[in-house]
Amino acid sequence: MKSPMLADLADLDPARDLRAPGRPDDEALQAILGTARRATPIRRSARPAVLAGAAAAAVVAVAGVATVWWPTSQPAYASWTAVPTGLTASEVSARAGACPAAAHGITQGDDGPQVDDVPIGPVLAEQRGDYTYVLLTGDGAAGECLVTVQASGATDVVAGDAVLNAAPAVPGPRDVTTLQSGTASWSEGDTGDGALTSAYGRAGADVASVSLTLTSGERVEATVQDGWWAVWAPGEASLRSTAEVTLTDGATAEVALSR
């Protein structure tokens, strides 16, 4: 038996007269179930198609390499070129000024974790179509930055990142080292124009040029400048795993893009 107080509380329940949900004689439920429904498609931004499973294996077996494919709509980085354009010192300074000025990282100090800020500055810059790629380095730090220039002359940062890493050793005169090679995840998302693959490292004094090949077969010229080299191309994993180095005496060698 309910106490008088519980009975009064039950009378205050606004749902006291509702039937249990799911009963066949629930008119409100039957009206909802009988309403015509229409699915609304989810719209996603276009991305390069990715082959998976047996289809991908068949393509690799026939062609020997995977192919970068762009959709029929306007692709990201449409103005990209396989051969970079040089920049003047003033252009490099202006465009690098829009990039990160420091790399940030967390290290373990005597009093616990601490945030370290390491200043970085441009050591290499190149232009491919509408995009300028800037490589920045500092004391045990490196950063990449991709910018565009508006008609007004203002510089927009498309994407960029700077990280702390071990200070790279200076290679021998005829050698190159790779500090990074792979898909630049910072180029995706709301602030980026889509996935791209980048690679950079140190170049010896006798290294005249570094050439790479896309997985589509197109040859790409890297930029070699002041003891550094760098290259980027649209798409995920769009660079093959080796590069061809040409020395000042005309000799060539194939090197692996690995750290």
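Structure data summary
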| item | result |
| --- | --- |
| Positions within the range 107-162 being among the hydrophobic types (A, V, I, L, M, F, W, C), modelled with pLDDT under 90 and open to solvent by less than 60 Å² (accessible area, probe 1.4 Å), in sequence order | VAL118, ALA141, ALA142, CYS145, LEU146, VAL147, ALA154, VAL158, ALA159, ALA162 |
| Among (1) at pLDDT 80 or above; (2) exposed (fewer than 13 other Cβ atoms within 10 Å of the Cβ); (3) over 16 Å from GLN225 (Cα atoms), the one test that SER73 misses | (1) |
| Meets criteria (part of a strand (DSSP E or B), closer than 20 Å to LEU124 by Cα and touching a residue at least 24 places away in the same chain (Cβ under 8 Å)) for VAL231 | yes |
| Those residues of the range 213-246 which are among the β-branched types (Val, Ile, Thr) and open to solvent by 40 Å² or more (accessible area, probe 1.4 Å), in sequence order | VAL224, THR242 |
| Selection count, the range 198-222, where residues are in a strand (DSSP E or B) and within 17 Å of ALA125 (Cα to Cα) | 12 |
| Residue that is modelled with pLDDT of 95 or more, farther than 19 Å from TRP80 by Cβ, open to solvent by 30 Å² or more (accessible area, probe 1.4 Å) and in a loop (DSSP other than H, G, I, E, B), where the choices are ASP249, ASP190 | ASP249 |
| Residue in the range 180-187 that is modelled with pLDDT of 70 or more, part of a loop (DSSP other than H, G, I, E, B), among the small types (Gly, Ala, Ser) and closer than 29 Å to VAL255 by Cβ present | yes |
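The values are calculated or read from the model by the stated rules, or taken from the named source; none is laboratory data. Please read these numbers as outputs of a predicted model, since none were measured by experiment. Quick reminder, even Gly has a Cβ in these numbers, built from the backbone with ideal geometry, and neighbours come from all protein chains shown. Ligands, DNA and RNA are excluded from the accessible area calculation, which covers all protein heavy atoms including side chains. Shrake-Rupley method; radii C 1.70, N 1.55, O 1.52, S 1.80 Å.
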